[in-house]
Amino acid sequence: MHARGMERPSCLSRSSKMNSYITNALSDFFFKYETPRQVLVRNRRVGVVCRLIQLGVLAYIIGWVFIYEKGYQSTDTAVGSVFTKMKGVGYTKVDGEERVWDMVDYVFPEQGDSSFVVMTNFIITKGQKMGKCPELAESRYLCNSNSDCERGIIERTGHGHMTGKCVGNTTKTCEVVAWCPVEDDRKIPDPALLMSAENYTLFIKNSVTFPAYGVKRSNLVEGIDNQYIKSCVYDPTTSPLCPIFRLGDLVQLSGFNFATIAKEGGAIGIVIDWTCNLDYDQSECKPIYTFHGLYGNPNETDMARASVGYNFRYAKHYMEDKQEKRTLLKVFGIRFDIIVRSVARKFDIIPTLTAIGSGVGIFGVATVVCDLILLYLLPKREFYNNMKFKVTETVEQEPLDEFSSEKEVSKE
Amino acid sequence: MHARGMERPSCLSRSSKMNSYITNALSDFFFKYETPRQVLVRNRRVGVVCRLIQLGVLAYIIGWVFIYEKGYQSTDTAVGSVFTKMKGVGYTKVDGEERVWDMVDYVFPEQGDSSFVVMTNFIITKGQKMGKCPELAESRYLCNSNSDCERGIIERTGHGHMTGKCVGNTTKTCEVVAWCPVEDDRKIPDPALLMSAENYTLFIKNSVTFPAYGVKRSNLVEGIDNQYIKSCVYDPTTSPLCPIFRLGDLVQLSGFNFATIAKEGGAIGIVIDWTCNLDYDQSECKPIYTFHGLYGNPNETDMARASVGYNFRYAKHYMEDKQEKRTLLKVFGIRFDIIVRSVARKFDIIPTLTAIGSGVGIFGVATVVCDLILLYLLPKREFYNNMKFKVTETVEQEPLDEFSSEKEVSKE
Amino acid sequence: MHARGMERPSCLSRSSKMNSYITNALSDFFFKYETPRQVLVRNRRVGVVCRLIQLGVLAYIIGWVFIYEKGYQSTDTAVGSVFTKMKGVGYTKVDGEERVWDMVDYVFPEQGDSSFVVMTNFIITKGQKMGKCPELAESRYLCNSNSDCERGIIERTGHGHMTGKCVGNTTKTCEVVAWCPVEDDRKIPDPALLMSAENYTLFIKNSVTFPAYGVKRSNLVEGIDNQYIKSCVYDPTTSPLCPIFRLGDLVQLSGFNFATIAKEGGAIGIVIDWTCNLDYDQSECKPIYTFHGLYGNPNETDMARASVGYNFRYAKHYMEDKQEKRTLLKVFGIRFDIIVRSVARKFDIIPTLTAIGSGVGIFGVATVVCDLILLYLLPKREFYNNMKFKVTETVEQEPLDEFSSEKEVSKE
């Protein structure tokens, strides 16, 4: 009976013409369908275990991959732009000299970048001009005679170019060509001179575009109009969408103490998080602001290790009596880095199919595990082995014949 | 017959030594191969439907995953660097005073960053010095008596630190310690003072390195030599690779009107897109420039909402008569953000295998769908059920014996 | 016998009530388990080939996907912040005038950004003021008569706004309204004026936070304390974690020659690579510094093409005799871009399951390949075809009956 089935197609192809051969091949291809044969094991223990494993996998695929991780959506990150503007005026009265500091004076750089520094403390050295003067009276610059100050040598951390002279009578330090007098930054004003910075406000304008979905959003979302902006101040619970931040609040939300960070400086990261599900309406796509202390926090364990605070030097140049002079400021301040993190998600057929495909793959793992139980752990494993497998003999040397195939069938 | 097959291996292992046992296990492992048994269903309707589903899946995998999404390639993003340089001179004649503005005057910051501002309009306040003067004659600063101007209070959006005096005779506003006279920015020059900015040119130098492939490219690609750069101007159709951009063109390509953006300021994103298929020659890897209005577009719906334009303040300090003075500029300008997006692709064996593996997984879905049709929808579903499944009885209580296995076989 | 098996469930459902029907369906579902039936082919050639393919796939999945690519881990990129500080003093003696240059003078911008320029060479134009003066004596500005200098025209690459006059007696160039005298940048000082920049040092402070794992790291890792920082200098082999870099070393490690880059300027990328395996201890997560020449390398092939070097202009404004004046500097310098690349990995159950699922999918490919060999290449392919497939006749027109199913079975 077996042989009869085999002869038929070969007879057919031999006796027919080319055309009908192709037609047959095509119809053979299209009218046939293979599906794996399966054993239906009626065994309570195996059944329950396997079904539970399969249900677990299914729950994982649907619950986790689809619902939690939203595997049916494609993602896109945004092209964004940030513009910042500080408002507020500081006031100092040092040695009887009143002075106000407006945003032009205390923001670096001035043009509203996403990364900027707000000055909170400073050491000012007025009227520096190019000339010769002794180094600072610090241990590393001290000298006893001219031979300690080799001419032309530049101390890397020094203030100038040694002339070879030791200024013995006054400070006992080497003389240098430098901006004179040299800055003395050994004592940092405490408390910080511009403690009023706590009341400055920061306005953040952020627009993001998700190119793949053609969606453009601004942190001035629906409802944040001109009127609201004029009076609101950001608060994590009551006004989480107000784009105006009080500096003191920012510092506190980052876990810093204002007096400490104001004195020596530090860095704060403002993260604007645009995580949007564009399967909902665009207007649901709103920013979330979070604040991180980047460094300078004195409570941190690494504080003792190295290099606390944030400072840089800055000079205002002017001409006086035909000579170039400068006012040098060592600025201690809070650096703000505004970081935009964005990810938009929308239904897409490709990741959906990929997630399903991968889910089927994981289902395969469940089958493998169940088979292992069935074939190796159960007492009746040999019976199931026989049900599952049809064994062919090692009959390589023998030609294919009626007998061998008969024998195979009979072995089942 | 069944029993005979089962006894043989156990006999063998019992009678042979350990060595030959391992050899046998190995040869057993290596000389055997399992392949699923399948039913070949000869049914036109099922066959055609299933083959079409399978062909669709195959077309999807090959056409989409491989050809369209290039799933056989790995990807890498670039480490890049952008340098910009503005050229052009502006000219103003205000109150008979002629003045030219070169790049040092109108670009902020000056060092050629990827994000910078070009000044197009300004409000100048000359000769400010630290002192006491009345606030601006605006409604929110008005006062009737000294009691309205509490000493020491700083109005957040004001210009200084109140002295507690109401300057009654002239402006009827509180007196403040501030940079005096205070800036009056209530009237923005219209049209913009530096409308000539339209003719400035921007030169962009951008180099990108794809570390994973060791490929380094510059936007000065092959053919863009010194000679060409001297004369070319970017045009999306005729000179899409020229790295020199006319400001008026940039504004227009971003959907802005130059007169409007010049007056109040705005922000434009220049995206340099490096999407490279490195399976072709490196020289095919060329940048594409696109331009987006980031904010400040008055045609936008959110314009009415809040905060249009782009401006910041900037001061030039000088010494006069031993006193520090400054020239304050409120700068309105166009901010350019140059954003490099890069992705290079190259053939890689890993993603190829992964894509194939995932494709096989999706194929499995096709099989599941076809089986559902075959086993649940067709009129002959019970017949196919019997073809596909071999059922074992619930014979847990019985030991494995000749009889039960006989029965199973006979049920097929 | 076949028919008997089929009748039983249908009888049962007909005779039983609804409740017991659901119970039955559930127990049917839970107590049954399908597993594919397989042919166990005992053929040495097929067995060895297939086992080798399967072992290869298994080795690939375990070795590559799991061990090499760490497919069992999820990944996260960091939110980071970079702060830089230059130290060192430059010294020039031009025309007998001694001058030192400190960090305030040679770093742009001054506030310690992650992208900054160190001045190494300059062309200084002192005492410019707004006025009328002839253009530079260069070929493109030359004129013979006033008619060559059209009034009001601004030459894009020129220095000002033409007055319409040709200054015939001296330079034979058009007169312009400009900052006068105009800068003459035709000769770049060689060697660079600030060759001493080679000995400047750069201190980099970098902190990164991996939000997904709540891990915060600084480039001042364990062991890099205040004491160590005071004396160390980065060296790729002996001090790879010292955050202080000598400028000359940076230039050399990027493949530049210091004398060349100092003269005309260039750009260097400093990549801080945080590739961390957080399955180990956090303290193992350390930065790796690498250095890339971004552009300006004269050894490069594209050097001849266009636009070498890095320069920008910068002005210091001052008031003299009630008139605004400026000192213009054309600055040639080295631009440093500090790029943080970060990826942290940690064991996660999701990617592990996904990798396993995808591995099973690839295993499926191995089975397909082996089946192709078995069914199409072997001499005994027809025998194996018969073993693997059970064929149903095309019996669509006939109803399901005892006879047809009998025939199917008999064909095996």
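The values are calculated or read from the model by the stated rules, or taken from the named source; none is laboratory data. Source: prediction; values computed, not measured. Methodologically, a virtual Cβ is constructed for each residue, glycine included, from the backbone with ideal geometry; neighbour enumeration extends over all protein chains shown. Protein only, heavy atoms only, side chains kept; ligands, DNA and RNA dropped before computing areas. Shrake-Rupley method; radii C 1.70, N 1.55, O 1.52, S 1.80 Å.
Based on the Cα gyration tensor of the protein assembly as shown, what are the three equivalent ellipsoid semi-axes, each the root of five times an eigenvalue, rounded to whole Å and given largest first?
78, 32, 32
How much solvent-accessible surface does B:Val368 expose, in Å² to the nearest 10, with a 1.4 Å probe and all protein chains in place?
It works out to around 80 Å².
Choose one of A:Ile339, A:Tyr21, B:Val94: the residue whose Cα lies farthest towards the positive end of the charge dipole of the protein assembly as shown (beta-carbon charges +1 Lys, Arg; -1 Asp, Glu; about the Cα centre).
Checking the options against the dipole of the protein assembly as shown, the answer is A:Tyr21.
Quick one: what are the phi-derived ³J(HN,Hα) couplings along region B:212-221, Karplus 6.51/-1.76/1.60 with θ = phi - 60°, whole Hz, x for glycine and proline?
With coefficients 6.51, -1.76 and 1.60, one gets 5, 10, x, 10, 10, 10, 10, 6, 8, 6 Hz.
So, for chain A, what is the accessible surface per residue at a probe of 1.4 Å, expressed in square angstrom?
On a per-residue basis, chain A sits at 45 Å².
What size of dipole, in debye to the nearest 20, comes out for region B:116-236 about its Cα centre when the only charges are +1 on Lys and Arg C-beta atoms and -1 on Asp and Glu C-beta atoms? Walk me through the intermediate numbers first.
On the way: 14 positive and 14 negative charges, 72 e Å.
Charge dipole, region B:116-236, about its Cα centre: 340 debye, nearest 20.
When only C-alpha pairs under 8 Å and at least 6 residues apart count, what is the relative contact order of chain B, in percent?
Values: 687 pairs, mean separation 79.7, N = 412.
Result for chain B is 19 percent.
Going by accessible area, probe 1.4 Å, with all protein chains left in place, what is the ranking of B:Lys172, C:Lys205, C:Lys187, largest first?
Ranked from most to least accessible, the order is C:Lys187, B:Lys172, C:Lys205.
Would you kindly find the accessible area of C:Ser239, with a 1.4 Å probe and non-protein molecules such as ligands, DNA and RNA excluded, rounding to the nearest 10 Å²?
Surface open to solvent at C:Ser239 totals about 20 Å².
Rounded, prolate or oblate: which one fits region B:190-262, using the alpha carbon gyration tensor with axes a ≥ b ≥ c (rounded when a/c is under 1.5, else prolate when a/b beats b/c, else oblate)?
It comes out prolate by the Cα gyration axes.
Label position 7 Å from Cα toward Cβ: report the copy-to-copy distances for C:Lys126 in nm, one decimal, ordered from shortest.
Ordered by distance, the counterparts are at 2.6, 2.6 nm.
Note down the net charge around A:Asp337, summing +1 for each Lys or Arg and -1 for each Asp or Glu among other residues with Cβ under 15 Å from its Cβ.
Values: positive: A:Arg335, A:Arg341, C:Lys205, C:Lys216; negative: A:Asp113, A:Asp273, C:Asp113.
Once all neighbours under 15 Å are counted, the net charge is +1.
List the distances, in nm and shortest first, from the label point of A:Asn277 to the matching label points in every other copy, placing each point 7 Å from Cα along the Cα-to-Cβ direction.
Those label-point separations list as 3.7, 3.7 nm.
What are the semi-axes of the equivalent ellipsoid for region C:75-157, taken as the square roots of 5 times the Cα gyration tensor eigenvalues, largest first, in whole Å?
Details: eigenvalues 340, 110, 22 Å².
For region C:75-157, the ellipsoid semi-axes come out as 41, 23, 11 Å.
Determine the total buried accessible area between chain A and chain B, counting protein heavy atoms only with a 1.4 Å probe; round to the nearest 100 Å². It would help to have the intermediate numbers written out before the result.
Values: alone 26520 and 26530 Å², together 44860 Å².
Roughly 8200 Å².
Helices from chain A with mean Kyte-Doolittle at least 0.5 and a Cα length along the axis of 18 Å or more, per DSSP H: which?
A:44-59, A:349-372
Report the gain in length on full extension from C:Val94 to C:Ile62: 0.36 nm times residue separation, minus Cα-Cα distance, nm rounded to one decimal.
Taking C:Val94 through C:Ile62 to full extension adds about 4.8 nm, to one decimal.
Take every residue in peptide B:117-124, count the Cβ atoms of other chains within 10 Å of its Cβ, and give the average of those counts.
The mean count of partner-chain Cβ atoms within 10 Å per residue comes to 1.
Compute the Rg to Rh ratio over region C:126-268 from the alpha carbon atoms, using the Kirkwood formula for Rh, and round to two decimal places.
1.29
Using +1 on the beta carbon of Lys and Arg, -1 on that of Asp and Glu, and nothing else charged, what's the dipole of the protein assembly as shown about the Cα centre, debye to 20?
I would put it at about 1240 debye.
Need one value: the accessible area of B:Trp101 in square angstrom, 1.4 angstrom probe, rounded to the nearest 10.
10 Å²
When the convex hull of the Cα atoms of chain C is projected onto a plane and the area is averaged over all directions, what value comes out in nm²?
44.1 nm²
Rounded if a/c is under 1.5, else prolate if a/b beats b/c, else oblate: with a ≥ b ≥ c from the C-alpha gyration tensor eigenvalues square-rooted, which is region B:30-74?
oblate
Which residue, C:Tyr376, C:Tyr213, C:Tyr310, has the most motion in a Gaussian network model of chain C that connects Cα atoms within less than 10 Å?
C:Tyr376
Per the Cauchy relation, a quarter of the hull surface: what is the mean projected area of the convex hull of the alpha carbons in region A:65-111, in nm²?
Numbers: hull surface 26.6 nm².
Hull-based average projected area comes out at 6.6 nm².
Give the long-range amide H neighbours of C:Gln38: residues separated by 5 or more places, or on another chain, with amide H under 5 Å away, using H modelled in the peptide plane at 1.01 Å from N.
A:Phe389, A:Lys390, B:Arg37
Starting from a label point 7 Å past Cα on the Cβ side, list the distances from A:Thr77 to the same position in the other copies, nm, shortest first.
Copy-to-copy label distances at A:Thr77, shortest first: 0.2, 0.2 nm.
Largest first, what is the accessible-area ranking of A:Asp348, B:Asp371, C:Asp184 with a 1.4 Å probe?
C:Asp184, A:Asp348, B:Asp371
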